[in-house]
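The values are calculated or read from the model by the stated rules, or taken from the named source; none is laboratory data. This one's a predicted model, so the numbers in the text were calculated from it and none came from an experiment. Counting neighbours? That spans all protein chains shown, and the Cβs are built from the backbone with ideal geometry, glycine included. With ligands, DNA and RNA removed, areas are computed over all heavy atoms of the protein, side chains included. Shrake-Rupley method; radii C 1.70, N 1.55, O 1.52, S 1.80 Å.
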Amino acid sequence: MSFEQRYIGEILVRRGALEPDKLEAALQTAADRSLELTDLLVATHAVEEVKLVRALADEVGMEFVEKLATDLIPEELIDAVPINFARQNHVLPLTQSDDSVRVAVANPLDPFPVDDLRILLGKIIIPVAASEESIDDAINRVYERKDETALAEAKEGEEVEELADLIDMTDEAPVIRWVNNLFYTAVKERASDIHIEPTDEKVIVRYRVDGRLIPRKEANRGFLSSIVSRVKIEAGLNIAERRLPQDGRITKKIAGKVIDVRVSTIPTAKGERVVMRLLDKEQVLLNLIDLGFARRELDQLEGLIRRPNGIILVTGPTGSGKTTTLYACLNKINTPEKNILTAEDPVEYELRGIGQMQVQPKIGLTFASGMRSFLRQDPDVIMVGEIRDHETAEIAIHASLTGHLVLSTLHTNDAPSAITRLVDMDIQAYQLSSSILAVLAQRLVRKLCDHCKSPYSPTNQDLLELGIDAAIAQEKLVELKKLAATTVIGNSSPPTLPVPAGTDSGDLTFYHHRGCDECGNTGYRGRIGIFELMMIDEPVRREILNNSDSKTIQRVAQQQGMRLLREDGARQVVAGVTSVEEVLAATQAAEV
C-alpha cells in the first residue's frame, strides 16, 4: 500500500467524497488486487467519479469543469496533440491565447501530462479538472468531427491509398480513427448493432438503439472501400473478396469493457454492406426480477424453473428477448449441485459454471444431435436455443419425460400457438400434455425516460386501445391499478400507485415520451418485457388432448387467469414504465 494511495484516500475523506469507514477496506482491496485506489472506488460505485475529481481539484486549488464545450476548440490545437497521447493521459486542450493553453485533465495530482504538453505546445499550460468520462467523450467528439470533415469533404471517388497500404496505417489515420469511433459511440449510446450502408452519394451509418435504427454518421462514398476493408482487417476477413458474403468476429476493449463484435458483410448493388452486432462480454446477467414481470407471473416462473423435469417454452419473434429470459432463468437456478448444459446458435454470453455448446450444422452438430449427446452427460437442466424441427422436439420431450428440465424457444406470436406449432411438427398431443409445464410469450417495449416523461390523463380511446372499456368496466380499472402496483423492476420497491376503493379513467395517469439529453432526444431509455404466461394446468391439458385450436386453448387459459400480451402491456403503461404507443406497436389488435 503506497503512501500516494493513502494520501488520495485521506483527501477524499477530508473533502467528504468518501466515508471514513470505507477507506481502510478500499486501500486493502486495492493493494490485494494491484489496482489504483481511484479506479477501484469508481468501479465499485463507492465514489462517483465527478465527486472524486472535484475533491482532488479542490485540494490543489484547481478549477473543476463539469461539461466540456468542444465546438470552440481550435483546429490547430487538435492537430498539435496526437489522439493517442490525449486518450492515454486523459487530457484535452480547450482554448489558447498568445502564451498559454487551457487544458482539461482527469487527474489533478499528476503533473507529468501537463509537463509533456508544455513541451509539445511550447506554451504555459493552465490545467482545469474534469471527469475522465467527460474528457474521453470530448476527445472522441473532437477528433470524430475532424475525421468526419476529412471523410465528407473528399472529392468524389477519392479514397485512401491501396488496400495493402491500409494495413500499414497507424492509428492516426483518419479512416482508422473514424472506424474506431463507430465502436466507441455505439457503446456510449447503448447500441446493439452498427449498420454501414452504401448509397449512390455517401456511406450512411445507423445504430440500433432499443430496437430502433437511428442514423448517426455519414462519409463520402469514395471512402466505402477503405471503411469496409478496415472492418474486414479487424475481423480477419478477406479484404480482396467483395463478391461473396463473409462473417467474422472482433474483440475490442472500449471504455474498460470487453466487447465481442460479430461482423457480417454482403455484396449489394451499391457496394458492400456491413452489419456488426455488439455483445458486452462483461455484462452482468439480468436476474428475473429485472425483466419487468408482475409479481404473480414472477412467482409462477420461479416455481417452474425449480421443477425437476418438464419443458418450459419461451416464444416470440426474433429480437423479443427470449434468450435473455432463458439466461435469467439459468442464472437463477445455477448452483454447484446442478449440471446445466446449453446448445446455442451462437453462444452470446458466457455463463460461469454452465457447459455451453455452439451448434455447427455444417459439420453435423445440430440442436438435435447436441441434445442427444447431452443425455449421456448426466444433465439436470438442458437449454436448447430453438426447437426448429420434429427431431429436436422429440428429443426435448424424451429428455423431459426421463427426468430432465428442458428450456427452449419457439417462433410463435403467442403462448397458445406454441402447442399448435408443435403439433404441426408431428408431435402427438398426449406427448405435449404430459411434458410441457408452461409457455411464456413475450415482447420488448421501450421504457420511458425517467428524466423527461410527461404525465397526462388517458382518454377513453386510450383505454379502449388497451382493451379496457371504461364505461362498463370500472372494476377492471381498479384491478389494473392493483396489478400495476405489483410490477417488479429490479430490487427497487414497486411503483407507488394509489389503489382507491373506486376509480375512473381520470384517476389513471399515463405518460408521453418527450426527449432530452439523457435519452438522446428519443423519450425512451432501455427496454423491458411484457409477458403472457400460459400454465399447462388440467383444463388446458384437456384442450391439448382434444387437439383444440389455439384460440380455444387461449380462451380456456384466460379463464384460468392467463393475461394476454396487450393486457400485460396495459399493466406496464399504468405503472408508468412505458407508453400506449409502445404497447400497441408490440402487440396485435386481436390480442385485446
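Here are a few things to note about the model shown:
- When the residues of region 159-214 are filtered to those that are farther than 24 Å from Arg443 by Cα, open to solvent by 30 Å² or more (accessible area, probe 1.4 Å) and modelled with pLDDT of 80 or more, the one that is nearest to the chain's Cα centre (by Cα) is Lys188.
- Condition met for Val258 (touching a His at 6+ places or on another chain (Cβ under 6 Å), part of a strand (DSSP E or B) and surrounded by fewer than 19 Cβ atoms within 10 Å (Cβ to Cβ)): no
- Listing of strands (runs of 3 or more DSSP E) fully contained in region 274-392 that carry 1 or more residues being open to solvent by 30 Å² or more (accessible area, probe 1.4 Å), farther than 27 Å from Asp414 by Cα and touching a Leu at 6+ places or on another chain (Cβ under 9 Å): 355-358
- Consider region 406-445 and keep the residues that are charged (D, E, K, R) and open to solvent by less than 30 Å² (accessible area, probe 1.4 Å). The one that is farthest from Leu584 (Cα to Cα) is Asp414.
- Selection of first residues in region 233-245 that are open to solvent by 90 Å² or more (accessible area, probe 1.4 Å) and of second residues that are part of a loop (DSSP other than H, G, I, E, B), restricted to Cβ pairs under 9 Å at least 6 apart or on distinct chains, gives the following pairs, ordered by first then second residue: Leu244/Asn238.
- Selection status of Glu532, touching a residue at least 40 places away in the same chain (Cβ under 8 Å) and either among the hydrophobic types (A, V, I, L, M, F, W, C) or within 21 Å of Leu437 (Cα to Cα) (or both): yes
- Among (1) open to solvent by 30 Å² or more (accessible area, probe 1.4 Å); (2) under 21 Å from the mean Cα position of the chain (by Cα) - the single one Gln588 does not satisfy: (2)
- In the set (1) surrounded by fewer than 18 Cβ atoms within 10 Å (Cβ to Cβ); (2) farther than 30 Å from Glu132 by Cβ; (3) among the polar types (S, T, N, Q), the condition left unmet by Ser226 is number (1).
- Per-region count, region 14-35, residues buried (at least 16 other Cβ atoms within 10 Å of the Cβ) and either in contact with a helix residue (DSSP H, G or I) (Cβ under 7 Å, 6 or more places away or on another chain) or closer than 15 Å to Ala57 by Cα (or both): 7
- Residues of region 516-542 satisfying the condition of being among the aromatic types (Phe, Trp, Tyr) and either touching a Phe, Trp or Tyr at 6+ places or on another chain (Cβ under 7 Å) or modelled with pLDDT of 95 or more (or both): Phe531
- Qualifying residues in region 8-36 (those that are free of Cβ contacts under 8 Å to residues at least 40 places away in the same chain and in a loop (DSSP other than H, G, I, E, B)) - the one farthest from Glu49 (Cα to Cα): Ser34
- Subset of region 71-97 that is more than 29 Å from the chain's Cα centre (by Cα), among the charged types (D, E, K, R) and within 20 Å of Asn181 (Cβ to Cβ) - its residue that is most open to solvent (accessible area, probe 1.4 Å): Asp71
- Here is the figure for region 530-542: residues that are assigned to a helix (DSSP H, G or I) and either crowded, with 23+ Cβ neighbours inside 10 Å or within 24 Å of the chain's Cα centre (by Cα) (or both) total 1.
- Qualifying residue in region 54-70 (condition: open to solvent by 100 Å² or more (accessible area, probe 1.4 Å) and part of a helix (DSSP H, G or I)): no
- Count - residues of region 295-322 that are under 21 Å from Val574 (Cα atoms) and either touching a Phe, Trp or Tyr at 6+ places or on another chain (Cβ under 8 Å) or among the aromatic types (Phe, Trp, Tyr) (or both): 1
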